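Just below is one structure, and these are the notes that go with it.
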Amino acid sequence: MLIRRTVSLVWRSTSPLTDRLRSFLESRQASFLLGVRLAASDSIAFGAAVAGLAVGVLVMFVEIGFLLSILQAQARIATRVRGDLIIMSAARTSLHDWRRFDRVRLAQALGYSRVEQAIPIYESGMLLRNPPARSVHRVIAFAFPADAVPLDIGSPSEVKEALQKPNTILFDRLSRPLFGTISPGHQIELNGRAYNVAGLVNFGPDMIMDGAVFMSDGTWLSSDPNARPIMGVIRLKPGTNITVAKHKLRALLPGDVTVMTPRDAYDREINFTLRTAPIGFIFGLGAVAGLVIGAIICYQTLYNQIIDCAKEYATLRAMGFSNSFFRRVMIEQGTLLALASLIMGAIGGMAAYWLLGEATGMRVTLGCSILLVVGMPTLGVSAFAADRACRRIIGPELTELY
């Protein structure tokens, strides 16, 4: 009873405010219902407009998805590092630049008291021959100590167990199909030397390599005892500040190597790819083209709707409806078009991403970041197109339309 009286007293004392709020909400509901009814009044025209706008949205999804798939594939190895820091040659400009460094640098890194492990990774291109297919293709080979497993390619215990056997390799099951069928128990040739396939792991191709194999450093050094690593993975002792350790190692090691975190290497690779290859401009231009297509279709759709309902809009103006009311009506119609087209475009985008992954092996998922990158500009240009179309209602041109 006390609560009911209190609420009643507050409601009466604020009745002017609640009246204004109720009036505002009723106005918003009226404009929204009017926008929805106008958009749905001609379902065929609305469906055609959504389909046309969805084409532009799909173009943006495809262009941005292709760009992200390339960038993520090029920097993949940085995301697969199982460690805190990376040592590389200071002259190495990207993760696909195969400049090596002396193994003694890893021993020197162990001189820092906070370093627990310094693990070498070897990398090189090899010619793979799959005897049943009788074809030879270039593959990228990686090697590392079997008991350390510095790359996230599968279960560390399973990788360790498989690579401890001599002359065994693990094949990347995500490699492109040009290598033929390679399964555990088969034998393949790398640079003319026979190896047993002990299992399959997950890594994935990129713009440089079609596939990958992994072996132990013992197997690698048995054919090339003087091989130098291309990368070193540093694991620090628990509780060590990674930033401090990075600067300490940079000061400790000679200037022919550099030390960075896996995230630093990832960001550097993305920037290098965008800076040296025109893919950012090409795919960005394609995405802008899709956005322009969507804006034109949205504007044309709303403009035609104004022409069809010119007399009704003129009547509403004569009744005293404000310009903000008409803007809300048009913007809500544009937003409805944008949301419907985003749904259709996202469905088409997922299909395109699946086809991309099947064709190239460089897979990309439709995540929240892509939805925001595509969705926000789409909603923005739809609102802009609606505002431009609304000028035909609130301007003197309305009387010329009927």
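For the range 85-260, a simple Cβ point-charge model (Lys and Arg +1, Asp and Glu -1, everything else neutral) yields a dipole of about 360 debye relative to the Cα centre. Between Glu312 and Ile270, the modelled labels are 4.7 nm apart [label points 7 Å from Cα along Cα→Cβ].
Between Ser43 and Arg103, the simple spin-label model (points 7 angstrom out along Cα→Cβ) gives 7.4 nm. What is the distance in Å between the Cα centroid of the range 204-246 and that of the range 101-145? Computed from Cα coordinates, the inter-centre distance equals 5 Å.
Which of the lysines could be linked to Lys237 by a straight reach, that is with a Cα gap under 26 Å, when you skip same-chain ones fewer than 8 residues away? Leaving aside lysines fewer than 8 places away in the same chain, those within reach of Lys237 are Lys160, Lys246, Lys248. With a Förster radius of 60 Å applied to the beta-carbon distance between Arg391 and Gln164, the computed FRET efficiency rounds to 0.20. Ranked by the mean number of other Cβ atoms within 10 Å per residue, highest first, peptides 310-317, 342-349 order as 342-349, 310-317. Remark: spin-label model distance Glu116-Ile343 equals 5.0 nm, labels positioned 7 Å along the Cα→Cβ axis. Of all aspartates and glutamates in the structure, the ones whose alpha carbon falls short of 19 Å from that of Lys165, not counting any fewer than 8 places away in one chain, are Asp147, Glu189, Asp217, Asp224.
Working note: Karplus 6.51/-1.76/1.60 with θ = phi - 60° gives the range 48-61 the couplings 5, 5, 5, 4, x, 5, 5, 4, x, 5, 4, 4, 5, 4 Hz, where Gly and Pro are set to x.
Could you calculate the contour length gain from Phe384 to His186, that is, 0.36 nm times the residue separation minus the distance between their Cα atoms, to one decimal place in nm?
Working: separation 198, 0.36 × 198 = 71.28 nm, distance 6.08 nm.
Difference between extended and current length: 65.2 nm.
Provide Ser324, Ser94, Ser175 in ascending order of the number of other Cβ atoms located within 10 Å of each residue's Cβ, fewest first. Don't skip to the end; give the middle numbers.
On the way: Ser324 12, Ser94 16, Ser175 23.
Least to most surrounded, the residues fall as Ser324, Ser94, Ser175.
The ranking of Val197, Val159 by Cβ neighbour count inside 10 Å, starting from the fewest, reads Val197, Val159.
Other residues with beta-carbon under 15 Å from the beta-carbon of Ala91 carry, at +1 per Lys or Arg and -1 per Asp or Glu, a net charge of +3.
How would you rank Cys368, Cys298, Cys390, Cys309, going from fewest to most other Cβ atoms within 10 Å of each one's own Cβ?
On the way: Cys368 8, Cys298 30, Cys390 24, Cys309 17.
Ordered by Cβ neighbours within 10 Å, fewest first: Cys368, Cys309, Cys390, Cys298.
The candidate values are [x] 31.7; [y] 19.5; [z] 28.0; the one derived from this structure for mean projected area of the Cα convex hull in nm² carries the label [x]. The calculated FRET efficiency for the pair Ala90 and Ala194, based on their C-beta separation and a Förster distance of 45 Å, comes to about 0.75. What net charge is computed for the residues neighbouring Leu249, neighbours being all others with C-beta under 15 Å from the C-beta of Leu249, Lys and Arg scored +1, Asp and Glu -1? Net local charge, Leu249 excluded: +3. For the chain, the longest principal axis of the alpha carbon atoms and the long axis of helix 242-252 meet at an angle near 40°. Assign one of three labels to the range 85-260, namely rounded, prolate or oblate, based on the Cα gyration tensor with a ≥ b ≥ c the square roots of its eigenvalues; rounded applies when a/c is under 1.5, prolate when it is not and a/b is larger than b/c, and oblate otherwise. Verdict is prolate for the range 85-260.
For the range 255-376, rounded, prolate or oblate, judged on the Cα gyration tensor with a ≥ b ≥ c (square roots of eigenvalues), a/c < 1.5 rounded, else prolate if a/b > b/c? Prolate, since a/c reaches 1.5 and a/b exceeds b/c.
A helix-only calculation puts the chain at -19000 deg cm²/dmol for mean residue ellipticity at 222 nm, using -39500 (n - 2.57) for each DSSP H run of at least four residues, averaged over all residues. Rounded to the nearest 10 degrees, the angle from helix 368-394 to the longest Cα principal axis of the chain is 20 degrees. The H on the amide N of Val81, modeled in the peptide plane, is under 5 Å from the matching H of Asp152, each at least 5 residues off or on a different chain.
All of the numbers you see were taken from the coordinates with simple rules; none came from a lab. Owing to the predicted nature of the structure, the values given are computational and were not obtained by experimental measurement. All Cβ positions, even for glycine, are placed from backbone atoms using ideal geometry, and neighbour counts span all protein chains on display.
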